[in-house]
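J.: Questions regarding the structure given below will be posed in turn.
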Amino acid sequence: MEHAAAAAGDPQTAGRFPDLPVRSPWIAQLAPLGDPRPLDEDIATDVAIIGAGIAGIATAFFALRSTDHRVLVLERDRVAHGATGRNAGQLTTYFERPLHDIAAQFGDDLALEGQRAFDDAHDLLDLLVAESGATVRIERFTGHMGMFTSNHVIIHLRNNRLRLDGGLRIEPCVVSEEAAFLDEIPAELADLYTVVPQARIRELLETDDDRYRAVLSDRKGCANSAMLCQQVLAFLERRYPDRLRFADRTEVERVVVGPDGVELHAHQHRVRAARVVLCTNGYTRHAVEDETGTPLVLHPEQQVVGTYGFMAAFAEEQPRTPAAMSYIRNQAVGSGEAPYVYVTRRTYDRPGGAVTLTCMGGPEWPHEGVYDPWAPFPGALLEVLDSEARSFAQRARPAGQPYDFHWHGLMGYMDGMVRVIGPHPGRPALLYNLGCNGVGFLPSIHGGRQIARLLGGEQLPRSIFDPR
C-alpha cells in the first residue's frame, strides 16, 4: 500500500487528503453478521467450496439446487468480505480483452459461446434472486464507454462484426462528426456505427471533455453482490439444513488432491471431500498439491495474480438516474499507459432513506506481500481519483471535498483475461470458478451454474473457460 501511495503522488494535489480508514459501501449495507462460526471438528462432505464470495455462494446455490450432494462452504474471513465486498458492484458481461482477439486464440465459435454465456448470466442472476427471496436492489440500464482514437473504435467495431455474424446482440456505437479519424475507419465496418453531432457524445458520456469522439453502449447494471451473498447464504441454510454447512474465520492452508478425493487442512482440522471447488479469486495463500506434494498449477495464462483495485464514492441527496460510464485513457486498447476511469451511479439504501451513490475507480497495482483488507486507503490515491475521475463522476462537485466511502480490494486477474471454470486436467476432484479480471460479478454466477452441472455428472462441451 505504501508503494501504491508513493506511485500515485501528484505534487499539485499532494496533501489534500490524508490516509483514511477503509469503508466499503457494500459491506456497510450488510445485516449484522453475528458471531463467527469457525470449523471446530474434522468433517467429511461431498463438495467443499473454498470462498464465500459471489463465486462460492453462486456455486453452492446451483450445486444444492441441482444435485443431492452435501456441501461445505469455507471462508477465511466473513461472508462476502473479500473481493465481493470490495468491488465496483457492476453488472457487466464484456471481457477486458477484445472478443475478436479471444476468437483468434480459441476460434469464433468458442469465443461467441463464451460471450453468450456471460450475456445469459443476467437471467441466472434473476433466477438466483427470485428463488432465494433476496431483497438486494438491482438496477439495470444502458452504460457507455468513451473512446477517442481510431484504434479504440476499430477494435470494438471488429468485436461487433463478430457478434453480429454469430447472432449475438451488438453494442451500439456512435462516432462524432467532428472525429478526425472518421476516414480511418474501414469501409467494411460502416454499417456498425452511426455518425452523430459532438453534442450527442457529450450527452451520453455526461462530460464536456471533447477529447472523446465516440461512444460504445451496452446493457449494464448495479447491485451489491456482498448483500446478495449474505441473503442467498441465509436462504440456503434455511432450505438445505441437512446438506449445507458454512464455516467462516476458517483459513484453508493446504489442499491435497489424491486419486480418491481431496483433503483440506483448515483451522487445525481436516476436511475430506470427494471434490473441491476453488472460488478464491484474489486470495492466493493456500497450497494446492497432489498426494506427493507436487504443486498443481494451470497454464501461465490462467494463474491468478492478485491486483489491488482502488475506489471511492460520494452520496447525494438529490435523486439521479442510475448509470455506468467508462473513459479510455490509453492511445491504444490494452497498451497499459494509464488505467481507464469508470463511474457508476446508483440508488443506495441507508438508514433514513435512499440517496444517490456515485462510485469511481481506475487505479490498480500488482499485489505485493500479504494483503491487508483494512489497511488505510492511501490519501495520494484519493487525490488521484479526485483530480482525474471526479469531473467525470459529477462535474458540479468541487475538488477536495470529503468522500463518504473509500475502499480497496484484492481482485483476481490472469494474463489471459478469461475466467477459469471447470476441472483441473487429469484431476477431476479439483475444480475452479475463479478469475475476476475486472468484469463484474455476472461471470461468477455463470461459473457457479457450470460447476453445478459438472458436479451433477453432465459432460459439458469444450469452452474458452476450460482449465489448461
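J.: Got a number for residues in region 240-261 being open to solvent by less than 10 Å² (accessible area, probe 1.4 Å), within 26 Å of the chain's Cα centre (by Cα) and farther than 15 Å from VAL79 by Cβ?
T.: The first filter runs over region 240-261 and keeps only residues open to solvent by less than 10 Å² (accessible area, probe 1.4 Å), leaving 247-248, 250, 252, 255, 257, 261.
Then keep just the ones that are within 26 Å of the chain's Cα centre (by Cα); that gives 247-248, 250, 252, 255.
From what's left, farther than 15 Å from VAL79 by Cβ: 252, 255.
Looking only at that region, the number is 2.
J.: If you go through region 413-435 one residue at a time, how many are among the basic types (Lys, Arg) and surrounded by fewer than 22 Cβ atoms within 10 Å (Cβ to Cβ)? Before the answer, list the steps.
T.: Residues of region 413-435 among the basic types (Lys, Arg): 419, 427.
Checking the rest, the ones that are also surrounded by fewer than 22 Cβ atoms within 10 Å (Cβ to Cβ) come to 427.
Total meeting the criteria: 1.
J.: Go through region 117-169 and report how many residues are farther than 17 Å from LEU233 by Cα, in a helix (DSSP H, G or I) and not small (Gly, Ala, Ser).
T.: 20
J.: Against the condition out of contact with any helix residue (DSSP H, G or I) (no Cβ under 9 Å at 6 or more places or on another chain), of a type outside the set (Gly, Ala, Ser) and open to solvent by less than 40 Å² (accessible area, probe 1.4 Å), how does LEU264 come out, does it pass? Quick ask: steps written out before the conclusion?
T.: Details: out of contact with any helix residue (DSSP H, G or I) (no Cβ under 9 Å at 6 or more places or on another chain): yes; of a type outside the set (Gly, Ala, Ser): yes; open to solvent by less than 40 Å² (accessible area, probe 1.4 Å): yes.
Judged against the criteria, LEU264 is a match.
J.: Looking at region 31-51, which of the residues that are in a loop (DSSP other than H, G, I, E, B) and among the hydrophobic types (A, V, I, L, M, F, W, C) is surrounded by the fewest Cβ atoms within 10 Å (Cβ to Cβ)?
T.: Of region 31-51, the ones in a loop (DSSP other than H, G, I, E, B) are 31-42, 51.
Subset that is among the hydrophobic types (A, V, I, L, M, F, W, C): 31, 33, 39.
Numbers: ALA31: 9, LEU33: 14, LEU39: 23.
This residue is ALA31.
J.: Need the failing condition index for ASN224 against (1) touching a Ser or Thr at 6+ places or on another chain (Cβ under 9 Å); (2) modelled with pLDDT of 95 or more; (3) crowded, with 22+ Cβ neighbours inside 10 Å, just the number.
T.: (1)
J.: Here is a follow-up. Among the residues of region 274-309, which ones are among the hydrophobic types (A, V, I, L, M, F, W, C), in contact with a Gly (Cβ under 6 Å, 6 or more places away or on another chain) and open to solvent by less than 50 Å² (accessible area, probe 1.4 Å)?
T.: Once the filter is applied, which keeps residues that are among the hydrophobic types (A, V, I, L, M, F, W, C), in contact with a Gly (Cβ under 6 Å, 6 or more places away or on another chain) and open to solvent by less than 50 Å² (accessible area, probe 1.4 Å), region 274-309 yields CYS279, VAL304.
J.: In addition: What's the number of the only condition in (1) under 30 Å from PHE17 (Cβ atoms); (2) surrounded by fewer than 22 Cβ atoms within 10 Å (Cβ to Cβ); (3) at pLDDT below 95; (4) touching a helix residue (DSSP H, G or I) at 6+ places or on another chain (Cβ under 9 Å) that SER387 fails to meet?
T.: Of everything listed in (1) under 30 Å from PHE17 (Cβ atoms); (2) surrounded by fewer than 22 Cβ atoms within 10 Å (Cβ to Cβ); (3) at pLDDT below 95; (4) touching a helix residue (DSSP H, G or I) at 6+ places or on another chain (Cβ under 9 Å), SER387 misses just condition (4).
J.: Taking LEU182 as the residue in question, decide whether it is over 25 Å from the mean Cα position of the chain (by Cα), open to solvent by 10 Å² or more (accessible area, probe 1.4 Å) and farther than 24 Å from LEU99 by Cα.
T.: no
J.: Taking the stated definitions as given, is LEU381 open to solvent by less than 10 Å² (accessible area, probe 1.4 Å), modelled with pLDDT of 95 or more and either under 24 Å from ARG219 (Cβ atoms) or of a type outside the set (Val, Ile, Thr) (or both)? Break it down into steps so the answer makes sense when it comes.
T.: Details: open to solvent by less than 10 Å² (accessible area, probe 1.4 Å): yes; modelled with pLDDT of 95 or more: no; either under 24 Å from ARG219 (Cβ atoms) or of a type outside the set (Val, Ile, Thr) (or both): yes.
Judged against the criteria, LEU381 is not a match.
J.: Right, another one. Report yes if some residue within region 274-281 is part of a loop (DSSP other than H, G, I, E, B) and touching a His at 6+ places or on another chain (Cβ under 6 Å); otherwise report no. Steps first, answer last, please.
T.: Filtering region 274-281 for residues part of a loop (DSSP other than H, G, I, E, B) gives 279-281.
Still in the list and also touching a His at 6+ places or on another chain (Cβ under 6 Å): none.
Looking for residues that are part of a loop (DSSP other than H, G, I, E, B) and touching a His at 6+ places or on another chain (Cβ under 6 Å), one finds none in region 274-281, hence no.
J.: Could you list, in sequence order, all residues of region 52-79 that are of a type outside the set (Val, Ile, Thr), assigned to a loop (DSSP other than H, G, I, E, B) and either surrounded by fewer than 24 Cβ atoms within 10 Å (Cβ to Cβ) or in contact with a Cys (Cβ under 8 Å, 6 or more places away or on another chain) (or both)?
T.: Taking region 52-79 first, the residues of a type outside the set (Val, Ile, Thr) are 52-53, 55-56, 58, 60-66, 68-70, 72, 74-78.
Now restrict to residues that are assigned to a loop (DSSP other than H, G, I, E, B): 52-53, 68-70, 75-78.
Those that are of a type outside the set (Val, Ile, Thr), assigned to a loop (DSSP other than H, G, I, E, B) and either surrounded by fewer than 24 Cβ atoms within 10 Å (Cβ to Cβ) or in contact with a Cys (Cβ under 8 Å, 6 or more places away or on another chain) (or both): ALA52, GLY53, ASP68, HIS69, ARG70, ARG76, ASP77, ARG78.
J.: Something else now. Does VAL174 qualify as being of a type in the set (Val, Ile, Thr), touching a Leu at 6+ places or on another chain (Cβ under 9 Å), surrounded by fewer than 17 Cβ atoms within 10 Å (Cβ to Cβ) and assigned to a strand (DSSP E or B)? Even if it seems obvious, please write down each step before you answer.
T.: Working: of a type in the set (Val, Ile, Thr): yes; touching a Leu at 6+ places or on another chain (Cβ under 9 Å): yes; surrounded by fewer than 17 Cβ atoms within 10 Å (Cβ to Cβ): no; assigned to a strand (DSSP E or B): yes.
In short, no.
J.: Could you please let me know if ASP165 is under 16 Å from LEU442 (Cβ atoms), modelled with pLDDT of 95 or more, open to solvent by 10 Å² or more (accessible area, probe 1.4 Å) and not β-branched (Val, Ile, Thr)?
T.: On the way: under 16 Å from LEU442 (Cβ atoms): no; modelled with pLDDT of 95 or more: yes; open to solvent by 10 Å² or more (accessible area, probe 1.4 Å): yes; not β-branched (Val, Ile, Thr): yes.
In short, no.
J.: Return the total of residues in region 391-408 being at pLDDT 95 or above and among the charged types (D, E, K, R).
T.: Residues meeting the conditions: 1.
J.: Mind checking which residues of region 91-103 are assigned to a helix (DSSP H, G or I) and within 13 Å of GLY416 (Cα to Cα)?
T.: LEU99, ASP101, ILE102, ALA103
J.: Would region 369-390 turn up any residue that is more than 23 Å from MET311 (Cα to Cα) and of a type outside the set (Phe, Trp, Tyr)? I'd like the intermediate steps shown before the answer.
T.: Initially, region 369-390 is screened for residues more than 23 Å from MET311 (Cα to Cα), giving none.
The answer is no; no qualifying residue exists.
J.: It is to be established whether one or more residues within region 366-377 are in contact with a Ser or Thr (Cβ under 8 Å, 6 or more places away or on another chain) and surrounded by fewer than 22 Cβ atoms within 10 Å (Cβ to Cβ).
T.: Within region 366-377, the subset in contact with a Ser or Thr (Cβ under 8 Å, 6 or more places away or on another chain) is 366-367.
Filter again for surrounded by fewer than 22 Cβ atoms within 10 Å (Cβ to Cβ), leaving 366-367.
Scanning region 366-377 turns up at least one residue that is in contact with a Ser or Thr (Cβ under 8 Å, 6 or more places away or on another chain) and surrounded by fewer than 22 Cβ atoms within 10 Å (Cβ to Cβ).
J.: Somewhere in region 192-207, is a residue buried (at least 17 other Cβ atoms within 10 Å of the Cβ), within 23 Å of the chain's Cα centre (by Cα) and at pLDDT 95 or above?
T.: yes
J.: Is there a residue being over 30 Å from ARG70 (Cα atoms), of a type outside the set (Val, Ile, Thr), touching a residue at least 24 places away in the same chain (Cβ under 8 Å) and touching a Pro at 6+ places or on another chain (Cβ under 6 Å) anywhere in region 249-261?
T.: Taking region 249-261 as the starting set, the residues that turn out to be over 30 Å from ARG70 (Cα atoms) are none.
The answer is no, given that none of the residues of region 249-261 is over 30 Å from ARG70 (Cα atoms), of a type outside the set (Val, Ile, Thr), touching a residue at least 24 places away in the same chain (Cβ under 8 Å) and touching a Pro at 6+ places or on another chain (Cβ under 6 Å).
J.: Any residue at all in region 450-461 that is closer than 30 Å to GLY361 by Cβ, outside any loop (DSSP other than H, G, I, E, B), open to solvent by less than 10 Å² (accessible area, probe 1.4 Å) and at pLDDT 95 or above?
T.: Here is the first cut: in region 450-461, the ones closer than 30 Å to GLY361 by Cβ are 450-451.
Checking which are outside any loop (DSSP other than H, G, I, E, B) leaves us with 450-451.
Of the ones still in play, those that are also open to solvent by less than 10 Å² (accessible area, probe 1.4 Å) are 451.
With the extra rule that they be at pLDDT 95 or above, the set shrinks to 451.
Yes, region 450-461 contains a residue that is closer than 30 Å to GLY361 by Cβ, outside any loop (DSSP other than H, G, I, E, B), open to solvent by less than 10 Å² (accessible area, probe 1.4 Å) and at pLDDT 95 or above.
The values are calculated or read from the model by the stated rules, or taken from the named source; none is laboratory data. Values in this document were obtained by computation on a predicted structure and should not be read as measured data. Neighbour counts are summed over all protein chains in view; Cβ atoms, including those assigned to glycine, are modelled from backbone coordinates with ideal geometry. Protein only, heavy atoms only, side chains kept; ligands, DNA and RNA dropped before computing areas. Shrake-Rupley method; radii C 1.70, N 1.55, O 1.52, S 1.80 Å.
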